[in-house]
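Values in this text are rule-based calculations from the coordinates and carry no lab data. A quick note: this is a predicted structure, and the numbers were derived from the prediction, not measured. Here Cβ is always computed from backbone atoms with ideal geometry, including for glycine, and neighbour counts include all displayed protein chains.
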């Protein structure tokens, strides 16, 4: 693995403290059940408890932050939807009418919507955190999407949003996104950071037909060739990414710094994790991979992380929807640790009695 220097000013991530591992495993194994019989819930409970450095892991004020931004590459016709849809969907989020609103309500998530850099004006609202870096990125088919300073500023802004929620008591967090053409940005990030041919990274996004998919592959292959010398993670982010992707990358780092359990959503959110992970590999220990997306390339991306997603529901919406659906599993994992009786307390003989 190639290691790159971390830019100054980003959150510091340390490895998860393993001190309590043996004690936690003893607690899990002595609950009134055969060892390992709760499967992935047991490993999930162990991970959360280690992150929290507690024998009583909890889900406190879980939050979802949806970052929205536009992409200059949309001008190349890589999406069947017009760029104005980004701002329209932001308005829908604020009004409470999108999928992530409904699923956040079901999961008991605090939902925040952030304008990271939407091209079309977004009406001011108490339901919107309005911190755009610019009105959308530039077209990376011809030039870098962002400057180095813009990419770093976006990462720092995303980190600040996480710190805001940490101060309110959040210990579980997920990140969603909205941005027409952001699957193109994510595919290029994946191709460059995972060293995978672009054809294995490009999918239909929001519903391209065969001709549209072929055009998207051609456009992105040419863009990667134009920027062939760009390799360092922050440079790759600045060249191909979006403001919403950069904010999510910074948010991951801050969430790990704050010892939060991080719910990783689908293809776009995972592309942001590629950047953050390349800067701080310890980050993976804080991540719970919520689901395997139906978007081309996501499973290959999960393999890159060595991840086993909790769910596989053929989702390809984004917005953080897959991460929201995984929250009840985190609640279940903490509940069995804290609420199940032990063999001794219940007066039940274990297998060694």
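Looking at the square roots a ≥ b ≥ c of the eigenvalues of the Cα gyration tensor of the stretch 206-326, which shape do they give, rounded for a/c under 1.5, prolate if a/b is larger than b/c, or oblate?
Numbers: a/c = 2.12, a/b = 1.22, b/c = 1.74.
Note, shape of the stretch 206-326 comes out oblate.
The simple Förster model, with R0 at 25 Å and r as the Cβ-Cβ distance, assigns residue 329 and residue 55 a FRET efficiency of 0.80.
Modelled this way, with points 7 Å down the Cα-to-C-beta line, the labels at residue 110 and residue 209 are 4.7 nm from one another. Summarising the strand pairing of the chain, around 5 percent of its internal DSSP beta bridges are antiparallel. Label-to-label distance for residue 130 and residue 160 is 1.6 nm, based on points extended 7 Å past Cα in the beta-carbon direction.
Each helix, a run of at least 4 DSSP H residues, gives -39500 (n - 2.57); summed and divided by the residues of the chain, these come to -14000 deg cm²/dmol at 222 nm. Take every pair of alpha-carbon atoms less than 8 Å apart whose residues are at least six positions apart; their mean separation over the length of the chain yields a relative contact order of 26 percent.
Fewest first, what order do 244, 160, 76 take by the number of other Cβ atoms within 10 Å?
Working: 244 34, 160 15, 76 21.
The most exposed by this proxy come first: 160, 76, 244.
When only Cα pairs below 8 angstrom with a gap of at least 6 residues are kept, the stretch 15-76 shows a relative contact order of 36 percent. For the chain, find the longest principal axis of its Cα atoms and tell me its angle to the long axis of helix 267-279, 0 to 90°, nearest 10. In the chain, helix 267-279 runs at an angle near 80 degrees to the longest axis.
Using only the Cα atoms of the stretch 63-333, build the gyration tensor, take square roots of its eigenvalues as a ≥ b ≥ c, and label the shape rounded, prolate or oblate: rounded if a/c is under 1.5, else prolate if a/b is larger than b/c, else oblate. Rounded is the answer for the stretch 63-333, as its axis ratio a/c remains below 1.5. Length gained on full extension, residue 168 to residue 149: 3.9 nm, using 0.36 nm per residue less the C-alpha separation.
Packing-based ranking of 198-210, 335-347 yields 198-210, 335-347, ordered from highest to lowest mean Cβ neighbour count within 10 Å. Separation of the stretch 98-136 from the stretch 6-54 is 32 Å, based on Cα centroids. Return one number: the angle in degrees, 0 to 90 and rounded to the nearest 10, between the long axis of the Cα atoms of helix 148-167 and the longest principal axis of the Cα atoms of the chain. Around 30 degrees separate the two axes.
Taking the fewest neighbouring Cβ atoms within 10 Å as the starting point, the ordered list for 70, 229, 303 is 229, 303, 70. For the stretch 46-151, the square roots of the Cα gyration tensor eigenvalues, ordered a ≥ b ≥ c, give a/c of at least 1.5 with a/b greater than b/c, which places it in the prolate category.
With neighbours defined as other Cβ atoms within 10 Å of a residue's Cβ, the residues 313, 38 order from fewest to most as 313, 38.
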